[in-house]
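The values are calculated or read from the model by the stated rules, or taken from the named source; none is laboratory data. Source: prediction; values computed, not measured. Neighbour counts are summed over all protein chains in view; Cβ atoms, including those assigned to glycine, are modelled from backbone coordinates with ideal geometry.
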Amino acid sequence: MLYTIESELIPEELLEDGGLRARVWRALERIGKPYAELLTIHYLEDKTVPAIARELGDSEKAVESRLHRAREAFRRELVSG
């Protein structure tokens, strides 16, 4: 069975893994600070794209594009890590 994070497929065995939290932090470290910070702001601080755009002084489209790339990088690292 597969689950999704923002429409990206995540294998079930990763979600059942007792070390998932450690894997998540390692993946965040490997994707680099800019992507990790953006994911943290969006998901952990629960900020919207418009709010992030205002905070960073960027367009919403730029933030959406970076979030997409950050999610892709995170998913790749989480699955491979």
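Among the residues of region 2-42, those that are under 27 Å from Leu56 (Cβ atoms), of a type in the set (Ser, Thr, Tyr) and modelled with pLDDT under 90 comprise Thr4, Ser7. Checked against (1) outside any helix (DSSP H, G or I); (2) in contact with a Gly (Cβ under 8 Å, 6 or more places away or on another chain), Lys47 passes all but condition (2). When you check Glu77 against the structure, is it under 17 Å from Arg23 (Cα atoms), surrounded by 14 or more Cβ atoms within 10 Å (Cβ to Cβ) and either without any contact (Cβ under 8 Å) to a residue 60 or more places away in the chain or in contact with a Gly (Cβ under 6 Å, 6 or more places away or on another chain) (or both), yes or no? For Glu77, the condition - under 17 Å from Arg23 (Cα atoms), surrounded by 14 or more Cβ atoms within 10 Å (Cβ to Cβ) and either without any contact (Cβ under 8 Å) to a residue 60 or more places away in the chain or in contact with a Gly (Cβ under 6 Å, 6 or more places away or on another chain) (or both) - is met.
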